[in-house]
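Single-structure report; data block below.
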């Protein structure tokens, strides 16, 4: 079952790159008491994600945060090393790069997809959500591979 607006974010643990290597960060640490824009991509360094999705949030980060957002987080079913390198390559220092390496979060939300046909295994569907103190207030789930309803400009309009 897919998570919807009005639902609480399920408990899960992501990885982020710390100064000494990958570190755990829980959904409570990311979302509790905060307004968060979380967007997810099928894979770091993939064309649509690298050319359109992530850059839109990098460019619009100040505008998004000016609307009262505490954190802008980018998530993918990749490891923390890949997410860190991708963030650095895209000048995404102001974004929280979350690695859901085992797909724990996307499975818990029902937002996973099978990308085995592309040699990518289980991945996240492309989406964006606005989360207020752990509760989803807006979910923008892409019906296909395009970047439209989950783009930074569209999420900005919902803030």
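Just so it is clear, none of the values below were taken in a lab; they were calculated from the coordinates. Just so it is clear, the model here is predicted, and its values are computed rather than measured. With ideal geometry, Cβ positions are generated from the backbone for all residues, glycine too; neighbour counts draw on all protein chains shown.
Worth pointing out:
- Springs join every pair of Cα atoms under 10 Å in this Gaussian network model of the chain, and among 50, 26, 137 the largest mean-square fluctuation is at 26.
- In the elastic network of the chain, a GNM with C-alpha springs shorter than 10 Å, the most mobile of 80, 145, 128 is 145.
- Rg/Rh ratio calculated on Cα atoms of segment 41-105 (Kirkwood radius): 0.96
- Per residue, the average separation of C-alpha pairs within less than 8 Å and at least 6 apart gives segment 13-158 a relative contact order of 29 percent.
- The chain: radius of gyration and largest Cα-Cα distance (Dmax), Å: 14.0, 40
- Mean Cβ neighbour count within 10 Å, used as a protection proxy, ranking 98-106, 116-124, 82-90 highest first: 98-106, 82-90, 116-124
- Computed over all pairs of different Cα atoms, the Kirkwood value for the hydrodynamic radius of segment 87-159 is 13.8 Å.
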